[in-house]
Structure formats: structure tokens, C-alpha cells
1. Given 59, 32, which one is modelled with pLDDT under 90 and either out of contact with any helix residue (DSSP H, G or I) (no Cβ under 6 Å at 6 or more places or on another chain) or under 21 Å from residue 233 (Cβ atoms) (or both)?
2. Name the residue, out of 105, 57, that is out of contact with any strand residue (DSSP E or B) (no Cβ under 6 Å at 6 or more places or on another chain) and free of Cβ contacts under 8 Å to residues at least 12 places away in the same chain.
3. If we scan the range 110-120, do we find a residue that is farther than 23 Å from residue 242 by Cβ, more than 19 Å from the chain's Cα centre (by Cα) and either at pLDDT 90 or above or surrounded by 13 or more Cβ atoms within 10 Å (Cβ to Cβ) (or both)?
4. Determine if the range 90-97 includes at least one residue that is in contact with a helix residue (DSSP H, G or I) (Cβ under 7 Å, 6 or more places away or on another chain), surrounded by 17 or more Cβ atoms within 10 Å (Cβ to Cβ) and farther than 21 Å from residue 169 by Cβ.
5. Considering each residue of the range 154-172, count those that are over 24 Å from residue 195 (Cβ atoms) and not in a helix (DSSP H, G or I), and give that number.
6. Evaluate the following for residue 101: is it loosely packed, with under 15 Cβ neighbours inside 10 Å, touching a helix residue (DSSP H, G or I) at 6+ places or on another chain (Cβ under 9 Å), at pLDDT 90 or above and in a helix (DSSP H, G or I)?
7. Looking only at the range 19-31, how many residues end up being in contact (Cβ under 8 Å) with a residue 40 or more places away in the chain and surrounded by fewer than 18 Cβ atoms within 10 Å (Cβ to Cβ)?
8. Pick from 149, 166, 125: which is under 19 Å from residue 251 (Cα atoms) and touching a residue at least 12 places away in the same chain (Cβ under 8 Å)?
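The values are calculated or read from the model by the stated rules, or taken from the named source; none is laboratory data. Remember, it's a predicted structure, so these values are computed and weren't measured experimentally. Don't worry about glycine lacking a Cβ; one is built from the backbone with ideal geometry, like all the others, and counts go over all protein chains shown.
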């Protein structure tokens, strides 16, 4: 089945409008707050002029060594919010937020397990490809290997982008089967998904830049450094949280098109 991105976008908007209050509540707790915590307490360092490549790498390593203990629970929090929002948007029985969260917790091990398996698999394959091509000693070939790995990652992530919907909506509890199901559903639609997702994130990035231009700059000019930092972090977190909410709705809409409306999770309340 060919993906109709226009229809998927309309479906996503309709689902958000129909469940606006509950969706905003979930997005605020599970998307906005984690983003705000990272922005305020673990701001990403900016390389200074004149830093060498080794210094930049050391700066990044130091940042993640410090922030990783906080990133992991926040990522789990966002994963739970994703599952709960998918259930809330797609469940025919219109569950409450509490019911959606309960089902989200039930599906969390499968969803996280799939992400871990995917990350390990991509990591092993990526390192093997880059290492093999780097042995040639030719910089151009090594650089081509990095680009090849990035392209491979993009294709695989596109093909398994519906695994969360498979877990949340269809009730699949086996991580491997969830990944395989997403791979089958997205077959023949990789380029359409790439264009659809890329257009969405491009639009979200433009909105974020415009908002920062009209809010962030005045805060920097009129307020103190601390006020500007907090204001920018809050604005960025709100925009990012709303974008995440809409992207989850897009995933639900794409799953509806490619997977049909028969879901395993709907039987939970019947």
C-alpha cells in the first residue's frame, strides 16, 4: 500500500484536536519536562574558536559522561510518553490518560528492548564497515564508509519507525517481532516516509528558529544572562515538546494507513 502523506498529516491533526487536552498533558509531562531538564541542567557545550579536533572530541565525551546518568531515565520517560500517546490517539474505546499509561508501562519493555537490539545491531555493523574501509588507508574511502553507514542507519530507522506503534497499538510484546512487523509495513514506502518525516522536521526547525528570533533575542537584549538562558530553554522545550507530540501523531496516522485499523490493544478494554 502506498502512503498518502497528505492524508496522514490530516489524520494526525484530527487525532490531536480530538484528544487535545489529554495529548497536551502527556506531552507536557513526558516530552516538555525532560527537554527542559536537559536544557537547564545539562546544556550542550559550544566549542570555542581555535579548539582542535581532539579538544572538541574531549569536550563532547566529557559532556556525555556527565549527562548520561540523567539522559537514560529521561529517555525512558519519553519512551513511556510515546507509547501512552499512541494508545490514547488510536484506541477505539478512548481510554483515559491513566489507562493509556498503564498499557504504555506494559509495552515499555518490548519497546525499549527493540531499541536496544536495534542500537546494538546498527553499532556492530557500522563499526565493522567503517573499520574495514579505514584499513585501506585512503581518507576518501574512509569518509565514504562513514557516509555509507549514516545512509544505512537512516534507511533502517525509517523502516522500523512504526515499531512503537506496533507495540502500543497492536499489543505486540516481542521486540524482534515488533521490528519485523514495522519493516513489513513500511516496505515500498521508504522514500515517501523520508520525504514526509524530513519535511516535518524541517518545518519544526523553521518554527523554532522564528520563535527564538522573536523571543530569544529580545530576552538576551533586555534581560539578564540567567533570564535569557531560562527563557530560551523554556521556549525551545515547548516547541520541541509540541513537535514530538505531533510526530507521535504522525506515526499513529502512518500506522493506521499501512497497518489498517485492526489492533490488538483495543481488545484490552472489550
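1. 59
2. Going through 105, 57 in turn, just one is out of contact with any strand residue (DSSP E or B) (no Cβ under 6 Å at 6 or more places or on another chain) and free of Cβ contacts under 8 Å to residues at least 12 places away in the same chain: 57.
3. Within the range 110-120 (the criterion being farther than 23 Å from residue 242 by Cβ, more than 19 Å from the chain's Cα centre (by Cα) and either at pLDDT 90 or above or surrounded by 13 or more Cβ atoms within 10 Å (Cβ to Cβ) (or both)), the answer is no, since none of the residues qualifies.
4. No, because not a single residue in the range 90-97 is in contact with a helix residue (DSSP H, G or I) (Cβ under 7 Å, 6 or more places away or on another chain), surrounded by 17 or more Cβ atoms within 10 Å (Cβ to Cβ) and farther than 21 Å from residue 169 by Cβ.
5. Residues meeting the conditions: 2.
6. Working: loosely packed, with under 15 Cβ neighbours inside 10 Å: no; touching a helix residue (DSSP H, G or I) at 6+ places or on another chain (Cβ under 9 Å): yes; at pLDDT 90 or above: yes; in a helix (DSSP H, G or I): yes.
For residue 101, the condition - loosely packed, with under 15 Cβ neighbours inside 10 Å, touching a helix residue (DSSP H, G or I) at 6+ places or on another chain (Cβ under 9 Å), at pLDDT 90 or above and in a helix (DSSP H, G or I) - is not met.
7. Residues of the range 19-31 that are in contact (Cβ under 8 Å) with a residue 40 or more places away in the chain, as a first pass: 19, 22-31.
From the residues that got through so far, the ones that are surrounded by fewer than 18 Cβ atoms within 10 Å (Cβ to Cβ) too are 24-25, 28-29.
Looking only at that region, the number is 4.
8. 166 is the lone residue from the list that is under 19 Å from residue 251 (Cα atoms) and touching a residue at least 12 places away in the same chain (Cβ under 8 Å).
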